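Working notes for the structure below.
The values are calculated or read from the model by the stated rules, or taken from the named source; none is laboratory data. In this text the structure is predicted, and so the values were computed from the model without any measurement. Positions of Cβ are backbone-derived with ideal geometry, glycine not excepted, and every protein chain shown enters the neighbour counts. The area values use the complete protein model at the heavy-atom level, side chains included, leaving out ligands, DNA and RNA. Shrake-Rupley method; radii C 1.70, N 1.55, O 1.52, S 1.80 Å.
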Amino acid sequence: MTQTCFSPPVTSIIMAAGRGSRMKGYSGNKTLLPLVPGNTPFEGRQPILLNLLDFLPHGPKALIVNHCKADVIRTTAHTGVVCLEQPVLNGTGGAILAASAFLSQTPSDTVIITMGDVPFVRKATYKTLAAGLSSHELMILGFSPTDKKQYGVLEIKGQKVKKITEWKYWRDYPPHLQDSLTICNSGIYAARRQTLCRYLPILASRPQIIQKEINGRLTDIEEFFFTDLIEYMVRDGLAVGYHVTENEHETMGIDDLEALQKAQAFYAKKMA
């Protein structure tokens with residue numbers, strides 16, 4: 001028996017429901033794309049999702065599924081993960097809400113929340129995030145890229161996160177303030193389970209109305225965002241902390257073909 005089996009179990013929630021519309025030329029679920037390519041970047045072995053599952057902490061795991069869910073369920077059937085359907089693709093908050101019943105029943109005190117297209121986060125990083133819950137209700141995994149692009153950024157005071165600000169807002173900040181915001185949000189979190197469960201009904205009661213183009217027409221739809229939940233916690237005076245990865249490659253998300261090929265090259269170098 002490995003040493004990890006003696007550590008307290010950690011519940012993991014993996015968001016794998018989305019369509020991945022930026023992955024042009026591929027209609028499947030992008031979490032099943034290969035890290036070892038074959039004849040094309042879209043064919044090969046070692047799916048992103050299986051690589052990610054190998055590094056998550058010991059404990060119950062739930063996959064949030066929707067797009068090409070049968071393929072995801074079939075690929076992960078041997079892993080013991082529980083697949084939970086997000087009936088409507090209504091944001092990252094909607095994905096966590098789909099896991100509400102699972103979270104209320106899991107025996108773990110600690111919850112890791114991650115995305116299914118971020119395969120290189122190390123076990124030690126998840127462990128550090130979880131350890132941060134000894135003094136915080138929620139921990140955010142941050143990274144400091146050379147180019148912030150359009151990532152959300154963490155606004156920090158001391159060792160606590162005060163706010164996550166999306167690019168559409170911080171892009172209008174004065175240059176000196178933009179330069180001071182160096183830590184970006186990876187979208188990966190650790191949370192105390194009881195605190196998370198206490199705030200999920202609040203999140204469910206406060207959808208945002210977002211306009212999206214559907215069949216050529218702008219349509220109002222309800223979406224839920226996990227970052228809103230963090231905002232509610234901060235407003236209530238709860239401590240939200242952060243940990244910054246040593247290497248931004250660790251939080252590499254695979255959104256488009258360029259990112260996929262970069263990840264495949266990174267994986268090949270790593271395995272060599």
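Inverting the mean 1/r over all pairs of different Cα atoms, compute the Kirkwood radius of the stretch 170-272 and quote it in Å. Kirkwood radius, the stretch 170-272: 17.6 Å. If you plug the beta carbon distance of Gln261 and Asp236 into 1/(1 + (r/R0)^6) with R0 = 45 Å, you get a FRET efficiency near 0.55. As a fraction of the 1.4 Å probe accessible area of the chain, surface on carbon and sulfur atoms comes out at 51 percent.
Computed with the Debye formula from one identical point scatterer per Cα of the chain, without solvent, the log10 of I(q)/I(0) at q = 0.07, 0.09 Å⁻¹ comes to -0.24, -0.41.
The stretch between Gln194 and Glu166 holds 7.4 nm of extra length on full extension. This uses 0.36 nm per residue minus the Cα-Cα distance. Put the Cα centre of the stretch 77-116 next to the Cα centre of the stretch 187-254 and the gap is 14 Å. Treating the stretch 1-150 as a set of equal point scatterers at the Cα positions, no solvent, please give the Debye-formula log₁₀ I(q)/I(0) at q = 0.15, 0.19 Å⁻¹. These q points yield log10 I(q)/I(0) values of -0.84, -1.30. A straight Cα-to-Cα reach below 16 Å connects Lys160 with the aspartates and glutamates Glu137, Glu231, Asp236, residues fewer than 8 places away in its own chain not being considered.
Calculated mean residue ellipticity, 222 nm, the chain: -8500 deg cm²/dmol, from DSSP H runs (n ≥ 4) at -39500 (n - 2.57) each, averaged per residue and rounded to 500. In the full protein context, the stretch 198-272 carries 61 Å² of accessible surface per residue, based on a 1.4 Å probe and ignoring ligands, DNA and RNA.
Can you figure out the FRET efficiency of Arg45 with Glu246, using R₀ = 45 Å and their beta-carbon distance, to the nearest 0.05? Please report the intermediate quantities before stating the final value.
Details: r = 28 Å, r/R0 = 0.63.
It comes to 0.95.
So which of Lys123/Lys162; Lys127/Lys168; Lys30/Lys69 end up more than 21 Å apart, counting from Cα to Cα? Before the final figure, lay out each step's value.
Numbers: Lys123/Lys162 27 Å; Lys127/Lys168 32 Å; Lys30/Lys69 11 Å.
Long pairs (Cα-Cα over 21 Å): Lys123/Lys162; Lys127/Lys168.
For the stretch 154-225, what does the convex hull of the Cα positions come to per residue, in cubic angstrom?
Numbers: hull volume 10.5 nm³, N = 72.
In the stretch 154-225, the Cα convex hull volume per residue is 146 Å³.
Accessible surface area normalised per residue over the stretch 56-97 is 43 Å², counting heavy atoms of protein chains with a 1.4 Å rolling probe.
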